[in-house]
Structures are given as structure tokens and as C-alpha cells.
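Q: Quick one: the structure is below, questions incoming.
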Amino acid sequence: MSVTIKTAKEIQLMRESCARLSEVFECLGEMIKPGITTKEIDREAERLIRAHGGIPNFLNYNGYPASICTSVNEEVVHGIPGDRILVEGDIISLDCGLIWQGYHSDMARTFAVGQISPEAQKLIDVTRESFFRGIEFARAGNHLNDISSAIGAYAESFGYGVVRDLVGHGIGTSLHEDPQVPNFAMKRRGVKLVPGMTLAIEPMITAGTWEVDWLDDDWTVVTADDSLAAHYENTVLITEGDPEILTLR
């Protein structure tokens, strides 16, 4: 495993990359309403990323055909944009990133489409809060498993499933770097956290089982029991003190 520690200059470039991405998400969030297609969201995501001087880092990544992942309802991650029309009561997880001067950013949010059920809203809220429970431990001197355990314990206390087949990751000059960042307790403590590490921490939580399946497009991941799924991700910097959430405006 090779975990990269960023220099002060690299950290500043990552801050700038992440700030641009958070502005993109702010605009995308305002688009989410019944009647829009996931392809329209993708087109606007690419337009906004390029308008902010970035390059869409998902586009053509390992053959992925779009600039953003649009995962609706039981789709956990990597949903491919297309002709699907969002309807009242859906939830949609948007996941994308950009490259700014060679440095990657990555974030995800789950949005309500119009009025949604209390159960769906609770899943979104718990998924978000599980992230913040995890990063309470994202401090130099702690270990990776401290973050992972806190995320999983919080989500599971509501009876939710914590996806195990997909995890967070390091990030920097590559979209996916070491280390992997699970959202559940591991048997080992994992790497020791040190200042200058940059991590994409991303709870993927389901209303039912943690088990998932892949659709025939080889990208879209869905819950095995068709239960709803939510996703919340930020790019985070480990510092000498409190963690810095680079993608949070």
C-alpha cells in the first residue's frame, strides 16, 4: 500500500478543485425536480464542471460513459444517466468529481425529488450523519478503522444495511488512491492517520440488506432486496487538528 501525503502546495490545489466541485453540486441540487431526466443532469454536470475550469474525472474512467453517476431509489452507486424521468417521491444519489490542475475532487449527495416519504428522508439523514460520526475520528494519530467503525455502528443502530462491496478511498493526482476506506468495522486497525492525507469518505447505506447486485450494464449497483439506498461523500483532509472537509461549502 502506498498512501500519498500531500505537500502544502498540493493541499491548496485540492482545496481549489474541491471548492469548484462543491459549487457544481450546489447548482445541480437546484435542478432536481420531477420531470427531469438523468441525462439532462449529466449534460448540466459536464457543462458546469468545464465552466469552472475543470475536467470531468468520471467521464471515460475505466469506460464509464458519463460525467456523473445518477443512482435512483434502489440504485446504490454508478447509475448511468439516460432517458429515465424522475418522478415525485424518488430519491437520487449524484456522485461526481473533477480534475483541477491535475488534482481530483470527489463528492456525492442524495437528493429528494419533490415530496418524499418520511422513511426515505430518514435514510438520507442517517447516511449524512453517519459520515459526520465517522470524521469525528479523522484525526492524526487515530487509525482508519476508527472512522470505519463509527460510520457503520451509527448506521446499523437504525437497522440499516452498510454496503460492504464498495468503499471509500484515498484521492489526489488519481481519483482512487490508497488506502481503501470501508464504512464498517474491520478486523485490523488500518493505516495510522497523518497530516496531509486526503480521503474520499463515502457512506453507502441501505434501508434493508447490505448485499448488492450489479446490473447487466456492468456499472449500476443495486440493493439485492430492492430497498432504498443513500450515499453521502466528501473529500477530507487530515490535519494537525480537526479534519478539513474540502468539498463542504
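Q: Please list the non-local residues whose amide H lies under 5 Å from the amide H of A200, H modeled 1.01 Å from N, same-chain partners needing a gap of 5 or more.
A: Residues meeting the amide H criterion: H169, G170, I171, V236.
Q: Full-extension gain between M186 and D83, please, as 0.36 nm times their residue separation minus the C-alpha to C-alpha distance.
A: That pair, M186 and D83, stretches by 33.1 nm at full extension.
Q: Ok, one more. Which residues among the range 136-178 fall inside the zone where the amide N is under 20 Å from a point 7 Å beyond the Cα of D226, along Cα→Cβ?
A: 161
Q: Let me check against my output: what whole-number percent is the relative contact order of the range 1-102, with C-alpha pairs under 8 Å and at least 6 apart?
A: 31 percent
Q: Once R0 is set to 25 Å, what does the formula 1/(1 + (r/R0)^6) return for the Cβ-Cβ distance between T7 and L248, expressed as a FRET efficiency to the nearest 0.05?
A: 0.65
Q: If amide H atoms are built 1.01 Å from N in the plane of the peptide, which residues on other chains or at least 5 residues away come under 5 Å of the amide H of D225?
A: Residues meeting the criterion, in which the H sits 1.01 Å from N, are T209.
Q: Under a point-charge model restricted to the Cβ atoms of Lys and Arg (+1) and Asp and Glu (-1), what is the dipole moment magnitude of the chain relative to its Cα centre, in debye to the nearest 20?
A: Dipole about the Cα centre, nearest 20: 900 debye.
Q: Using θ = phi - 60° and the Karplus relation 6.51 cos²θ - 1.76 cosθ + 1.60, list the HN-Hα couplings for the range 195-209 in order, rounded to whole Hz, with x at every Gly or Pro.
A: Result, ordered by residue: x, x, 6, 10, 10, 9, 9, 8, x, 10, 10, 10, 7, x, 6 Hz.
Q: Now for a different question. Rounded, prolate or oblate for the range 23-154? Axes are the square roots of the Cα gyration tensor eigenvalues, ordered a ≥ b ≥ c, and the cut-off for rounded is a/c under 1.5.
A: Judged from the Cα gyration tensor, the range 23-154 comes out oblate (a/c at least 1.5, b/c at or above a/b).
Q: On to the next question. In sequence order, what are the phi-derived ³J(HN,Hα) couplings for the range 29-36 according to the Karplus relation 6.51 cos²θ - 1.76 cosθ + 1.60 with θ = phi - 60°, rounded to whole Hz, with x for glycine and proline?
A: x, 6, 7, 6, 7, x, x, 8
Q: Let me ask something else about it. Can you give me the long-range amide H partners of F111? Hydrogens built in the peptide plane at 1.01 Å from N, cutoff under 5 Å, separation of 5 or more residues or another chain.
A: For F111, whose amide H was placed from the backbone, the distant partners under 5 Å are I92, S93, L94.
Rule-based calculations on the coordinates, nothing more; no lab input. Being a predicted model, the structure only gives us computed values, none of them experimental. Counting neighbours? That spans all protein chains shown, and the Cβs are built from the backbone with ideal geometry, glycine included.
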